[in-house]
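The values are calculated or read from the model by the stated rules, or taken from the named source; none is laboratory data. Bear in mind the structure is a predicted one, so any value in this text is a computation, not a measurement. Ideal geometry is used to build each Cβ from the backbone, glycine not excepted, and the neighbour counts take in all protein chains shown.
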Amino acid sequence: MTVVNDTSPTAPSVGAPSKGKTRGGGLGRYVLIRFLLIFPTVFILVTLVFFLMRVVGNPITASVGGRLTPSQLQERLHAAGYDRPIIVQYGEYLGQLARGDFGTTLTDHQKISTILLTYGGATLELVFYGLIIALIVGVPLGMLAAYLRDRWPDVILRVFAIFTYATPVFFAGLLLQLVFSVWLGILPLGGRASTRVELALGNIPNPTGIYLIDAIRTGNGQIIGDVLLHAVMPATALGLITGGVFLRLVRTNVMGTLGAEYVDAARSRGVNEFRLVGAHALKPALIPIITVMGLQIAMLLGGSVLTETTFGWRGLGFELQQYLSARDFVAVQGIVALLAVIVAVTNFIVDVIAAFIDPRVRY
Amino acid sequence: MSATTPEGRAVPLWKRLPVVKQLRRSVGLQRGMLVVGIVICAVFLIAAIFAPLIAPYGFGELSNKFGSFPRQASPDSTFIWGTTVGGYDVFSRVVWGARTAVSVVILAVVISVVIGVVLGLVSGYLGGWLDRVLVVIADAVYAFPSLLLAIVVSIVISGGNSSYIGGILSAAISITVVFVPQYFRVVRAEAVRLKSEAFVESSKVIGTSTSRIMFKHVLRNSTRSLPLILTLNASEAILTLASLGFLGFGIGPTAAAEWGYDLNNALSDAASGIWWTGLFPGLAIVMLVLGVTLVGESLNDLADPRLRTRRRARRKKSVVASTETTAGGSTGTGTTGPGTGTTEEATA
């Protein structure tokens, strides 16, 4: 959703060079170069994954090799074109990708693009929730730790940050499940919604696949509540890791800005301490966080595979895990290539946002 | 004691070893963190080395002379941490799991340091088109979710089914692929900086061969920050191994014990309130990562004079925009991501 809004500001950049001459290298040029850099990145990853996967042999032998006679296998291989030289296959694969065709799964003959449309929304929703939790946890606690530097709350928060990093998302998920759904019984164990709600959401016209949006469209308070309740534990498990990273980053950066002269100046003008940390010191400290956020979104996507498996949250990661255990490597390759594109585009968007906010970021 | 040692007197070798040196230099809270970290690591190392002596049963043992082990038995005197749904003793598997984790991590870190350092040196010192290509590849790999990459490599190497040695090797190599770019970036940056230093130029003047300059003079000066990344990476390696195991790319229950694999099996137990099958392997992961991270963090703080707490004059520290290395290689290079590779100079 944010994606759509954020790409549009390329328009103002057209006018930017006129007033931006003094800054050196125009914003428009930066955005263009950064955009073009997406292609080599994706190309390298896709190539790497393709050749790595072909080193194994071919996907058909890997998935059904044991169950077919050699002649049947040969037939299947020939039909799929896996007996041709690898360079030919590679060229064909690149051609497919250029047309937006990521392949068709072996086990259930689904197009990877269909899988993206069906399950992409769920993953997007989860990553979005995770990011929100991370920001809610990381930014205020990081400010607090910086303000109370080297005193006991700071020490506790630093240990907390190390713990969030040290806890794998599936273990955090397991503990949350034990405490909140098995023992306390206040949160659902897994899934994206109750069966009743899933059915209700399936019936609405043009579902977006993002349950929260669909639920709001039904206007039914109970459905919205159910969807949100299901999201609490997965979002927390996923968001805490990134939250710890944000905490450390905010702490380090705010510590830096708190020592700046303009903060002393503001303090001498009688600006209260709360505003001093929350506004004056925080704002410049946020810029590196936006840059790191791009990286963290990639991490969240990786983490979503684990989170979705833990909580039975049916998104791209859950599907990836299913295809992995079915040894359907065409599907795995397709989903991984797709994620490579998503990561590259996300990083591009984040970099552009960072460039808009911070005039120092230029090539 | 040591504080009074004059500069001129030789310090014994053991006092100059990486961790020992920092331990002697540390003070107060930082020393506490370092000591806790070292103790935790030591406990796991002991568990790994002496697993056959510590664990009451084997990792794949399902019965003894008194008959088969009970399934999902709660912790009692025979099975102090209970048994799993398959009838394995949880305590024994956690202890044996330490051996798997430690072997994979050591292997992964060693391989990635060797490859990363060599590539970084060659790329940074020689430059040219090879350098450009390697940098682009490293950046692309670095920006990609490391777990997905590890999955792909793991498929390639093991095809999913693995023996003990095969499983450990495949896990280690999968993790290596993720880490090589990190060492590569650090060493390359150092090599680029060092190659214009006077001592390199003077070596050239007296006719030292390029390879000798690279692997003797430049290498020695560019590995300063490696121990820090190394410890931070070791903790990430443990997490990656556990994640691979959790997704079913670990080592089968009969080949070795692996915490992530056990946690995956424990998921269904948790739904019925069986906590012991998941809690202990999970805690083992958390504690080991915690221990290694504490050591890494302390080394990082102690290496940076602005973060190091000193014996005297502890009050009145000047506040500086710190360059603290954040946990995990994910943000290891500071505040700018690899996607913005070239913006690093701009924002610095």
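Let's see how each residue does on (1) buried (at least 24 other Cβ atoms within 10 Å of the Cβ); (2) touching a Lys or Arg at 6+ places or on another chain (Cβ under 9 Å); (3) aromatic (Phe, Trp, Tyr); (4) in contact (Cβ under 8 Å) with a residue 24 or more places away in the chain:
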| site | (1), (2), (3), (4) |
| --- | --- |
| A:Ala200 | no, no, no, no |
| A:Asp226 | no, yes, no, yes |
| A:Pro234 | yes, yes, no, yes |
| A:Ala237 | yes, no, no, yes |
| A:Ile241 | yes, no, no, yes |
| A:Gly278 | no, no, no, yes |
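Give the residues of the range A:178-198 that are part of a helix (DSSP H, G or I) and without any contact (Cβ under 8 Å) to a residue 40 or more places away in the chain, sorted by residue number.
Pass one, the range A:178-198, residues part of a helix (DSSP H, G or I): A:178-183, A:195-198.
Listed by number, the residues that qualify are A:Leu178, A:Val179, A:Val182, A:Trp183, A:Thr195, A:Arg196, A:Val197, A:Glu198.
Among the residues of the range B:83-93, what is the count of those that are of a type outside the set (S, T, N, Q), surrounded by 23 or more Cβ atoms within 10 Å (Cβ to Cβ) and in contact with a helix residue (DSSP H, G or I) (Cβ under 7 Å, 6 or more places away or on another chain)?
So the answer is 2.
Could you say whether any residue in the range A:127-137 is more than 9 Å from every other protein chain (Cβ to nearest Cβ), within 26 Å of B:Ser298 (Cβ to Cβ) and either crowded, with 19+ Cβ neighbours inside 10 Å or acidic (Asp, Glu) (or both)?
So far as the range A:127-137 goes, yes, one or more of its residues are more than 9 Å from every other protein chain (Cβ to nearest Cβ), within 26 Å of B:Ser298 (Cβ to Cβ) and either crowded, with 19+ Cβ neighbours inside 10 Å or acidic (Asp, Glu) (or both).
Keeping to the range A:267-291, report how many residues are hydroxyl-bearing (Ser, Thr, Tyr) and within 11 Å of chain B (Cβ to nearest Cβ).
Adding up the residues that qualify gives 1.
Mind checking which pairs have a first residue in the range B:140-154 that is within 7 Å of another protein chain (Cβ to nearest Cβ) and surrounded by 24 or more Cβ atoms within 10 Å (Cβ to Cβ) and a second that is of a type in the set (D, E, K, R) and part of a helix (DSSP H, G or I), Cβ under 9 Å, 6 or more apart or different chains?
B:Ser146/B:Glu236
If we scan the range B:294-309, do we find a residue that is at the interface with chain A (Cβ under 9 Å from one of its Cβ atoms), assigned to a helix (DSSP H, G or I), modelled with pLDDT of 75 or more and surrounded by 21 or more Cβ atoms within 10 Å (Cβ to Cβ)?
For the range B:294-309, residues at the interface with chain A (Cβ under 9 Å from one of its Cβ atoms), assigned to a helix (DSSP H, G or I), modelled with pLDDT of 75 or more and surrounded by 21 or more Cβ atoms within 10 Å (Cβ to Cβ): present.
Quick check: anything in the range B:219-229 farther than 14 Å from B:Val118 by Cα, crowded, with 24+ Cβ neighbours inside 10 Å and touching a residue at least 60 places away in the same chain (Cβ under 8 Å)?
Scanning the range B:219-229, I find at least one residue that is farther than 14 Å from B:Val118 by Cα, crowded, with 24+ Cβ neighbours inside 10 Å and touching a residue at least 60 places away in the same chain (Cβ under 8 Å), so the answer is yes.
I need the full set of residues from the range B:26-58 which are modelled with pLDDT under 85 and aromatic (Phe, Trp, Tyr), in order please.
Hits for the range B:26-58 are B:Phe50, B:Tyr57.
Exactly one of (1) more than 12 Å from chain A (Cβ to nearest Cβ); (2) more than 30 Å from B:Thr210 (Cβ to Cβ); (3) touching a residue at least 60 places away in the same chain (Cβ under 8 Å); (4) β-branched (Val, Ile, Thr) is unmet by B:Val109. Its number?
(2)
For the range A:176-186, which positions are more than 7 Å from chain B (Cβ to nearest Cβ) and either under 15 Å from B:Gly282 (Cβ atoms) or surrounded by 21 or more Cβ atoms within 10 Å (Cβ to Cβ) (or both)?
So the first thing to find is which residues in the range A:176-186 are more than 7 Å from chain B (Cβ to nearest Cβ), and the list is A:176, A:179-181, A:183-186.
Within the range A:176-186, A:Leu176, A:Val179 qualify.
Which residues, taken from the range A:320-357, are part of a loop (DSSP other than H, G, I, E, B) and more than 7 Å from every other protein chain (Cβ to nearest Cβ)?
A:Ala326, A:Asp328
Could you grab the pairs with beta carbons closer than 7 Å, sequence gap of 6+ or different chains, first residue in the range B:188-208 and in contact (Cβ under 8 Å) with a residue 24 or more places away in the chain, second one surrounded by 15 or more Cβ atoms within 10 Å (Cβ to Cβ) and aliphatic (A, V, I, L, M)?
Final answer for the pair search is B:Ala191/B:Leu121; B:Ala191/B:Val218; B:Leu194/B:Val200; B:Leu194/B:Val218; B:Lys195/B:Val218.
For the range A:105-142, name all the residues that are outside any helix (DSSP H, G or I) and among the aliphatic types (A, V, I, L, M).
Taking the range A:105-142 as the starting set, the residues that turn out to be outside any helix (DSSP H, G or I) are A:105-111.
Listed by number, the list holds a single entry, A:Leu106.
Name the residue, out of A:Gly294, A:Gly302, that is facing another protein chain (nearest Cβ under 7 Å), of a type in the set (Gly, Ala, Ser), part of a helix (DSSP H, G or I) and in contact with a Gly (Cβ under 6 Å, 6 or more places away or on another chain).
A:Gly294
Mind telling me which of the residues B:Glu201, B:Glu190 ends up being more than 14 Å from chain A (Cβ to nearest Cβ) and either in contact with a strand residue (DSSP E or B) (Cβ under 7 Å, 6 or more places away or on another chain) or surrounded by fewer than 18 Cβ atoms within 10 Å (Cβ to Cβ) (or both)?
Just a single option satisfies the conditions, and that option is B:Glu201.
Anything in the range A:253-266 that is more than 9 Å from chain B (Cβ to nearest Cβ) and hydroxyl-bearing (Ser, Thr, Tyr)? List them, or say none.
Selection gives A:Tyr262 alone.
Scan the range A:245-252 and give yes if some residue there is under 22 Å from B:Pro145 (Cα atoms), in a helix (DSSP H, G or I), away from every other protein chain (no Cβ under 11 Å) and not aromatic (Phe, Trp, Tyr), otherwise no.
no
Test B:Ser203 against the criterion of being touching a His at 6+ places or on another chain (Cβ under 8 Å), polar (S, T, N, Q) and at negative phi, and give yes or no.
Yes, satisfied.
How about the range B:258-274: which of its residues are crowded, with 22+ Cβ neighbours inside 10 Å and in a loop (DSSP other than H, G, I, E, B)?
Passing the criteria: only B:Glu258.
Please give the helices (runs of 4 or more DSSP H) falling wholly within the range A:1-54 in which 1 or more residues are modelled with pLDDT of 75 or more.
Answer list for the range A:1-54: A:27-36.
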